[in-house]
Structures are given as structure tokens and as C-alpha cells.
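Undergrad: Please see the structure below; I have some questions.
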Amino acid sequence: MTTLLINIKELLQVRETNVSKVSGSDMKTLPKLENAYVYIVDDKISSFGLMAAIEIASADTIIDCTNKVVLPTWCDSHTHIVYAGDRSQEFVDRINGLSYEEIANRGGGILNSAKKLQETSEDKLFAQSAKRLEEVMKLGTGAIEIKSGYGLTTEAELKMLRVAKRLKETYNFPIKTTFLGAHAIPANYKGNQDGYMDLVIDEMLPKIAEQNLAEYVDIFCEKGYFTLEDTERLLKAAQQYNLTPKIHVNQFNAFGGVALGVKYNALSVDHLEELNDDDISALQGSDTMPVALPSCSYFLSIPYTQARKLMDAGLPVALATDYNPGSTPSGNMNFVVSTACIKMKMTPEEAINAATINGAYAMGLSETHGSITNGKAANLIITKEIESFHVLPYAFGDNNIEQVLINGKVI
Ligand code: NIG
Ligand code: FE
């Protein structure tokens, strides 16, 4: 099966040789070709180049991309898309004056989602999650990370991760899974935080590792949730199961979680709405990707991650959705890219680097996804007719995506 995309107005994120991530001032550059082609054999990019130099005369399918932009699909490295029901009532409660924290303290929030998920059958949970996955694929997402963390019992955590695995197999779609048992303290462990950490570490972790249900481990390191001590205990224990950390830190408070993540070689530290100089120093010289989640800042009206500060310090930045029922009921990476430009003052080049190659890095997929490179997965976005790629973030709220290819096939 061969597919040829021709007359592409702008072909973005072209990398002759792959880079695993881009950092600091390099993020300003988004390599592109004008009037280009991409040749796909089966599910992979076989070659690309300028139309003037094209040597391929025929293909099973030819797609004319005149006046259209082509780029790699978004790599969404932080989501919680396996969840049950929604929390739209809490959304209204917040409008009426309650804070996210107050809602959580009276048994809402993550515990509300956990109750719903525990009561939902595995098949129903799969059906609800599959619908979300199909929707984000149409919005241009071509690789995704999915966390557990709305189970909070051993059985329900395993159920979430089995659903994520089933999504991966059903859709033949790149999905990375993360065990987030330490997302909130369940009501029956209130006042017994250590007891819940024992359950996470001694019972959940071994089962998840044994059943090969996750590659990464996560914890909500935050005041009122899990402490630095809990985080260190978990990350240490996870090492023996080869689960790499990707952790929630600095969403509301900065108190050393970033340095701790770096100490345990976290692949990514996510949120960072609060960020201090010690966090920046800890990240410098590390392999840990800082991940910003601007839709969460938007929805909760909390600060945006200081991406400029990170990039000025020579660091990389990745962008992801955080798609979840509580803080970010949206999986739209186009909105994320737009919001990063509008609110975080990232240039379109920086935001697209952050949402493609750096997102791929943040979930261990940059060898196969995140750029237009020969041999990589043919996961591509074809836009509608637009003036230039700047229109993608500029026309916020518009859907400028015409077609999405996953593994070489139009979905
Ligand atoms: O990443 N911060 C922790 N977890 C989620 C939100 C959880 C929820 O409210 O359901 C997040 O924002
Ligand atoms: Fe999250």
C-alpha cells in the first residue's frame, strides 16, 4: 500500500535525521519545506522532499495538498481519558463560587470520579473512553499517554489499565500507559495516608508490573495529596519494576517535587504552573522533560506554566492536554497549541515543536513519532486550505484540520 501526498504548501517538522527533543532557543526553529511531497509505504514515511525533485510517479492513493499544510500528528503525553461519566456539576459549583480545593475537600473531585469508575463495568468504561479517543484522533492526535488514578482500589486501577491496553489493541494506536494509583487518598484511608501508600506499593505496583499493564509511574505530589516522602517511597519502589516516573508536580505549590523527579530520572515532570529558580536549576542538565498543560490553567483559572522562563534557561518544553473530567475536560491539542501561543507567549514554531517532537519524547516515542523523518510512523495532519501554518494557533476555536492519517491510513 503506497500513498503520495503532493503539492504540500508547507511541510512542517521535517528532520532528515531524527532528534529526540528540541531545547531552549532551538525551539524557535521549526524546519519546513515549501511545495513538498511525502511518500508513504504501508504505515511508514518512506521519503519526503521538494516537488521539484520528486521521483515517484505513481502510488495507490494520491492526495493533492495544494494550499494545505502537512505536519506530524500531535503527541499528547499526558491524559486521563479512561474515566467514567463527567463532573459537569462541579463545573457549575465552581462558577457559583466553590474552589477546586473546596470541592475536593467535601468528597468531590478525584474521589467523585473514582466512585463513578468503580461502579462502571469494564465494557462501559471502554465504550466511553473509546469515544473520547476517536474524537481526539479526528482532532489530530496521533499518539497518547493514558494514566490510571480514578480507580483507587487495586481492582479498579487494574480495570482502568486493562481498558487503556484494549484501546491500544483495538485501534492499533500508539498508547503509553502510566500507573497513577497515588492520585488521591480514598475516603476509607482518610487519616491513614501511609496505609494507602502501602497498598499502592505492596499490592498495586507488583500486580501492575506482573500483568505488564504500565510502563510509567505517576503520583500527585501536591499539598493535600501526596508528600515528598510518599513520592520518594513510590519512585524508589517503582525502580525495581522498571517503571519510569512521569509525575504531577507544582500544580498549586512548588516544594521540591521537580528536583525529586529529576533525582529519580523522571521522563517528565508535568503541570509546573508554579515554578521557582530551584526547579529550573534542577532541570538543567537532566533528561527530564518539563510538560505544560495550558488547558488545565485555562479551565481552573490558575497560572500558566512559564514556558519562556524554561526555554530561556535552555530547557525543552512539551505541551499536552491533561484530558480528564475534573481539571481539563478537553482533549483538543489544537486548543493547547493556540493557548500556549496566546497565553504563554510561545511562538507557533515553539508550540508546534512542544506538541510534536517534545511530546513524543515525554512519552518515550520520539524514535517513531513526532517528526517527518523517513522510517517514522505515517501519522500526519493535513490542514484545510490556509495561508500559512500560523493560522493553526491564530484561528483559535476553528477546526482547520481536514484529514488525519494514522499508520498511513486516513481515519
Ligand atoms: O492532572 N492534578 C491531578 N490530577 C488531574 C486532575 C484530577 C481531577 O480533578 O480529576 C490533573 O489536573
Ligand atoms: Fe493530569
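The values are calculated or read from the model by the stated rules, or taken from the named source; none is laboratory data. If you're wondering where the values come from, they're calculated on a predicted model, not measured in any experiment. Reconstructed Cβ throughout: ideal geometry from the backbone, glycine too, with neighbour counts over all protein chains shown. For accessibility, only protein heavy atoms count, side chains too; no ligands or nucleic acids. Shrake-Rupley method; radii C 1.70, N 1.55, O 1.52, S 1.80 Å.
Undergrad: State which entries of Lys384/Lys409; Lys32/Lys376; Lys32/Lys246 exceed 24 angstrom in Cα-Cα distance in the structure shown.
TA: In this structure, Lys32/Lys246 exceed 24 Å between Cα atoms.
Undergrad: Within 14 Å, Cβ to Cβ, of Pro206, how many net charges do the neighbouring residues add up to if Lys/Arg are +1 and Asp/Glu are -1?
TA: -4
Undergrad: Does the range 75-361 come out rounded, prolate or oblate by the C-alpha gyration tensor, with a ≥ b ≥ c the root eigenvalues, rounded set by a/c under 1.5 and, if not, prolate when a/b is larger than b/c and oblate if not? Write down the numbers at each step before the final one.
TA: Details: a/c = 1.28, a/b = 1.17, b/c = 1.09.
Judged from the Cα gyration tensor, the range 75-361 comes out rounded (a/c under 1.5).
Undergrad: Just report the Cα centroid separation between the range 1-65 and the range 123-138, whole Å.
TA: A separation of 30 Å, based on Cα centres.
Undergrad: What does the accessible area per residue of the chain come to in Å², with a 1.4 Å probe and no ligands, DNA or RNA counted?
TA: Normalised by residue count, the accessible surface of the chain is 39 Å².
Undergrad: Report, to the nearest 10°, how far helix 122-138 tilts away from the longest principal axis of the Cα atoms in the chain, using its own Cα long axis and a range of 0 to 90°.
TA: 40 degrees
Undergrad: Is there a quick way to get the dipole size of the chain? I mean about its Cα centre, with the Cβ of Lys and Arg at +1 and of Asp and Glu at -1; what is the value in debye to the nearest 20?
TA: 380 debye
Undergrad: How far, in nm, would the chain grow between Lys309 and Glu210 when pulled straight, counting 0.36 nm per residue and subtracting the alpha carbon separation?
TA: Additional length available on full extension: 31.6 nm.
Undergrad: Among Pro303, Thr328, Gln240, whose Cα sits farthest toward the positive end of the charge dipole of the range 75-361 (+1 at Cβ of Lys/Arg, -1 at Cβ of Asp/Glu, about the Cα centre)?
TA: Thr328
Undergrad: What stretch of the chain, leaving out the sites themselves, is the longest with no GluC sites (Glu not before Pro) in a DSSP loop having at most 15 other Cβ atoms within 10 Å?
TA: It runs 120-366.
Undergrad: Follow-up. With θ set to phi - 60°, apply the Karplus curve 6.51 cos²θ - 1.76 cosθ + 1.60 along the range 274-283 and write out the HN-Hα couplings as whole Hz, x wherever there is a Gly or Pro.
TA: Values per residue, Gly and Pro as x: 9, 8, 10, 5, 5, 5, 4, 4, 4, 6 Hz.
Undergrad: Express in whole angstrom the spacing between the alpha-carbon centres of the range 324-339 and the range 385-411.
TA: 16 Å
Undergrad: I would also like to ask the following. Got a number for carbon plus sulfur as a percent of the range 155-301's accessible area, 1.4 Å probe?
TA: C and S fraction of accessible area: 44 percent.
Undergrad: In addition: Full-extension gain between Ala395 and Ile95, please, as 0.36 nm times their residue separation minus the C-alpha to C-alpha distance.
TA: Stretched fully, the Ala395-Ile95 segment lengthens by 105.3 nm.
Undergrad: Looking only at trypsin sites (Lys or Arg not before Pro) in DSSP loops with at most 14 other Cβ atoms within 10 Å, what is the longest site-free stretch of the chain?
TA: The longest such stretch corresponds to 224-344.
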